[in-house]
Amino acid sequence: MDRKKIVERHQPELNKWDPLSPFSVGNGEFAFTADITGLQSFPGQYEVPLGTQSNWGWHFTGGHGRFSESDAAYQPYDTYGREVGYAFKPGDKPEAYHWLRQNPHRLQLGRLSFRFLSESGGEAAAADITDIRQKLDLWTGILSSEFCVQGVPVSVTTVCRAETDTVGVRVSSALISEGRLQVFIRFPAPDMVSTQWAKAVFPDLENDGRHLTELKESNGNHAVLARSMDEDGYEVAWSWSAGRLERTGVHEFTLIPDSRGELLEFSVGFAQQSPVTAGFEETLASSSRKWEAFWTNGAAIDFSGSSDPRAYELERRVVLSQFLLALHSGGSLPPQETGLMYNSWFGKAHLEMHWWHAVHFPLWGRESFLLNSMDWYSRILPVARDLAKSQGYEGARWPKMVGFDGKPCPSAVANGLIWQQPHPMTLAELCYQADPSRATLERFRDIVFEGADFMVSFAHWNEETKAYDLGPPLIPAQECHPMQGSKNPPYELEYWKHGLEIAVRWAERLGEPGNPAWGVTAAAMAEPPQADGVYLAHELCPETFQTKNRDHPSMLGALGMLPGTKIDPAVMRATLHKVKEVWMWDSAWGWDFPMCAMTAARLGEPELAVDFLLMDATKNTYLTSGHNYQRPGLSAYLPGNGGLLAAVAMMAAGWQDGQGGGSSLQGGAVNPGFPQDGSWSVKWEGLKPWL
């Protein structure tokens, strides 16, 4: 396949300001998001922040130990005759509640910008920028920006080094020789001092006294800036070809280029300690090598021969999603839902979303990107054990909304969710499918086994039905249901069985006895509740499709995302069609559309699968940048991109022990999730079947 041709026909381009689609360059651990100047010169033109973020840059307001989980207010919930505490509300400890929810938060590391001067000496405004032409070369990761400032052409190349968190920039313009182009870096306050989520999205540029910026080192064409705030800090190195650096504010430094030429090259490196810079050409070459290797390896898919007019758009979404997820979701931490663009939910990860961010990587032959973050679960295993123990359970309970340290935080919903619990098992199983070695089994043994121990401890034996129930208390993946009033949601029941069966297989592969309760519990999980020929949201919600037809239609995940061994296909088919008919799609989320497509594919309805995948709905919008738009303030929702790639892989390569013959599929000859009437030409290589 001509992979470069496939990628290059979907290079994102702009010829005007787009307030929702800034472009990013990055390396998986760090990202820099730019406006149409190639830097972050006019952030006011955008509805979202122009971020500079990393996986290592975090901050605790007031210090690391200001509050601990024991300071939260815990509300007791009856759990089959005993009380279990959950931190859902501030209660009488609002300061602790909000601090724990907001800390640690991911840092905006700095705003790197051009300052253009008009002929009269004032600063040029966004309205003075014309003749815009910007392109992101996906094959090389290079951002090229061309524009005019009051009629004077400017050409900018922006790139991120693969090996270090370094931005390299080359700018060419007569404005340099005229003394009308400068570059500055400005640092925002890192604090979260508000109970409003918006404060996490838009960093504070006003409170100068909350942080410190010092010139640590200055030598010719190189300087190092030291940043500190409370107990945290980092450093920024800046190197340039010709010019001088001046402090122009309490937290601002400006590079004034040498006016004897029309070319300026510089690089800015970020690190916790000892940041490095590199020459522009070296940085450019590093990026090109990284991204060409990315596209050359792994899977590829081509829809160009299709007559369905939607095929080009689907291919565009697939190509851009691959790039964005490698950049934002392939690093050493489970990512936040906006990746390394800007903070959502204070920069924290939602672990129930890790599946959607990363499950596609091994399906596309890029399991190394998933492996980057899998060892994090081993590192936070003590936290997960403590969480389970504090609630009277065995094993390790994975939290939901977390910073880099894995510690759970108070939330009105998060602590009641359970569907993140089997995720590490599924992700580990995919890693094993990619590398079926004893080393893989031993690497993830503890997270699989201890996660399974919690699952059997959490499930409750119902003597009357002779089955294991889930909840109450719990909140299903469809989060609009109450904690104390939810029981046996179909997706969670099927996922409990699926995850425990993975643990049983891992014990067999390792030649260990395992916990006998894993298999016993898996075999006796409660039947997924249904009424009137459709599956319900949960056993206590007969009005599922009357008043609870919003948020995630998660009952569909029991067959599609999962094999559905407890599911009646006829009932699930009726449920799927009912969901399509009555669901409030504006209340859904980006991953709901590929989830529905996966269900339709397994049910043998490929036309419906494509319809779901490309449904005309606000939250199924994919911007020029490729990001999945949700609503104002959340224009980048990477779980939607990841779900798209998982669904497309499944629709093309099939699934194990199901239609398509699993691993026997070769060359995309079957494509069971796509219509077989000739309207879709689906050519692919390297995809792996779904579980």
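Worth a mention:
- So Gln11, is it buried (at least 23 other Cβ atoms within 10 Å of the Cβ), of a type in the set (S, T, N, Q) and not in a helix (DSSP H, G or I): no
- Across the range 525-547, the qualifying residues are those that are buried (at least 20 other Cβ atoms within 10 Å of the Cβ) and of a type in the set (Ser, Thr, Tyr), and the one among them that is nearest to Lys466 (Cα to Cα) is Tyr535.
- Hits in the range 624-653 - residues which are outside any helix (DSSP H, G or I) and not polar (S, T, N, Q): Gly626, His627, Tyr629, Arg631, Pro632, Gly633, Leu634, Ala636, Tyr637
- Subset of the range 530-579 [closer than 20 Å to Gly499 by Cα and among the acidic types (Asp, Glu)]: Asp568
- Tyr377 of a type in the set (Ser, Thr, Tyr), touching a Ser or Thr at 6+ places or on another chain (Cβ under 8 Å) and assigned to a helix (DSSP H, G or I): no
- Summed over the range 447-466, the residues that are assigned to a strand (DSSP E or B) and within 10 Å of Thr521 (Cβ to Cβ) give a count of 1.
- Of all residues in the range 297-328, those being without any contact (Cβ under 8 Å) to a residue 12 or more places away in the chain and assigned to a helix (DSSP H, G or I) number 1.
- Hey, Phe30 in contact with a helix residue (DSSP H, G or I) (Cβ under 8 Å, 6 or more places away or on another chain) and surrounded by 18 or more Cβ atoms within 10 Å (Cβ to Cβ) or not: no
- Taking the criterion of being among the small types (Gly, Ala, Ser) and either assigned to a helix (DSSP H, G or I) or free of Cβ contacts under 8 Å to residues at least 40 places away in the same chain (or both), the residues of the range 403-436 that qualify are Gly406, Ala414, Gly416, Ala428, Ala434.
- Within the range 560-603, the set of residues being assigned to a loop (DSSP other than H, G, I, E, B) and β-branched (Val, Ile, Thr) comprises Thr565, Ile567.
- Candidate set from the range 260-313 (those that are more than 28 Å from the chain's Cα centre (by Cα) and among the charged types (D, E, K, R)); member that is surrounded by the fewest Cβ atoms within 10 Å (Cβ to Cβ): Arg260
- Sole residue being over 30 Å from Arg101 (Cβ atoms) and modelled with pLDDT of 95 or more, chosen from Ala226, Ala271, Ala242: Ala242
- Out of Gly121, Gly85, Gly81, Gly91, sole residue that is more than 30 Å from Leu474 (Cα to Cα), small (Gly, Ala, Ser) and outside the structural domain of Asn343 (by TED's automatic domain parsing): Gly121
- Flag if Thr130 is touching a Phe, Trp or Tyr at 6+ places or on another chain (Cβ under 8 Å) and in a strand (DSSP E or B): yes
- Checking each residue in the range 372-404 for being over 15 Å from the mean Cα position of the chain (by Cα) and within 30 Å of Gln322 (Cβ to Cβ) picks out Asp375, Trp376, Tyr377, Ser378, Arg379, Ile380, Trp398, Pro399.
- Any chance Gly44 is touching a residue at least 12 places away in the same chain (Cβ under 8 Å) and surrounded by 22 or more Cβ atoms within 10 Å (Cβ to Cβ): no
- Against the test of being at positive phi, over 27 Å from the mean Cα position of the chain (by Cα) and of a type outside the set (S, T, N, Q), the options Tyr74, Tyr80 yield a single qualifying residue, Tyr80.
- The residues of the range 339-374 that are more than 24 Å from Met455 (Cα to Cα), in contact with a strand residue (DSSP E or B) (Cβ under 8 Å, 6 or more places away or on another chain) and in a helix (DSSP H, G or I), listed by number, are Trp345, Phe346, Gly347, Leu363.
- Residues satisfying the criterion are absent from the range 283-293 (criterion: polar (S, T, N, Q), touching an Asp or Glu at 6+ places or on another chain (Cβ under 8 Å) and on the phi > 0 side of the Ramachandran plot).
- Conditions (1) polar (S, T, N, Q); (2) at pLDDT below 95; (3) more than 23 Å from the chain's Cα centre (by Cα); number of the one not met by Ser173: (2)
- Flag if Ala434 is farther than 29 Å from Tyr97 by Cβ, assigned by TED's automatic domain parsing to the domain that holds Trp496 and at pLDDT 95 or above: yes
- If the condition is being within 16 Å of the chain's Cα centre (by Cα) and at positive phi, then the range 27-68 contributes only Gly28.
The values are calculated or read from the model by the stated rules, or taken from the named source; none is laboratory data. This structure is a prediction, so every number in the text was calculated from the model and none was measured. Glycine gets a Cβ as well: all are built from the backbone with ideal geometry, and neighbour counts include every protein chain shown.
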